[in-house]
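Read-outs: derived from the displayed coordinates by stated rules, not from any lab. As the structure is a computational prediction, the values presented were derived from the model and not from experiment. Every residue, glycine as well, gets a Cβ built from its backbone with ideal geometry; the counts of neighbours run over all protein chains shown.
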Amino acid sequence: MGDLTSIHGAAAALTPVDGTDLRKTFAHFPSGVVALCTRLGGTPHGLVASTFVPVSLDPPLVSVCIQYSSETWPRLERASRLGLSLLSSDQESAARGLSSKRGDRFRDVELRGGNGNAAFVAGATAWLETSVYEQVPAGDHAVVLLRVHRVSVSPESEPLVFHRSDFRALSRKSIEAQLNSA
């Protein structure tokens with residue numbers, strides 16, 4: 001296959017993979033930030049993922065990847081419905097709160113209810129009401145396929161992006177150009 005140094009120079013030399021190097025490499029790929037939430041017995045439960053991927057139109061499926069070490073996922077997977085909120089650029093504090101291991105994760109988060117147990121973060125870019133369709137083992141994570149039942153979008157909202165291990169917003173100029181061309 002060849003050596004990448006002939007294409008990109010010495011900086012692109014391949015090295016054996018370990019978890020730290022792989023995490024640094026993945027950080028170069030921007031991804032949206034989603035909150036997956038439900039209410040069980042009136043109590044909100046939720047987590048944040050940056051591994052959201054649209055999967056299929058028929059049936060309507062999306063996926064998220066969940067670490068097996070998650071203490072929240074065992075509660076979420078029991079819910080009849082899960083609310084998936086694509087967080088907006090002004091919801092960094094909500095993302096940090098929902099991803100924390102300590103304290104009240106929902107202190108600064110306004111939730112809205114959906115069908116069944118679904119809970120949605122108010123002010124998000126888009127909302128998908130889902131249910132667990134299938135879970136596939138994948139290393140130290142499970143790839144969770146979620147069936148989409150209902151959707152809503154807020155097209156004027158900018159998404160929150162996770163890139164290089166930090167939260168970021170897309171440039172307003174690129175958002176306005178995309179909206180004008182739609």
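Give me the mean projected area, in nm² to one decimal, of the convex hull enclosing the Cα positions of the range 110-158. Write down the numbers at each step before the final one.
Values: hull surface 18.5 nm².
About 4.6 nm², averaged over all directions.
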| message | For the range 23-121, I need the span (max minus min coordinate) of the C-alpha atoms along each principal axis, in Å, sorted largest to smallest. | response | 40, 37, 28
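Select from the range 38-93 those trypsin sites (Lys or Arg not before Pro) which occupy a DSSP coil region and have at most 14 other Cβ atoms within 10 Å, ordered by residue number.
Values: sites: Arg39, Arg75, Arg78, Arg81; in loops: Arg78, Arg81.
Passing both the DSSP loop test and the Cβ count: Arg78.
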| said: Going by average Cβ density within 10 Å per residue, which order do the peptides 137-147, 52-62 take, highest to lowest? | reply: 137-147, 52-62
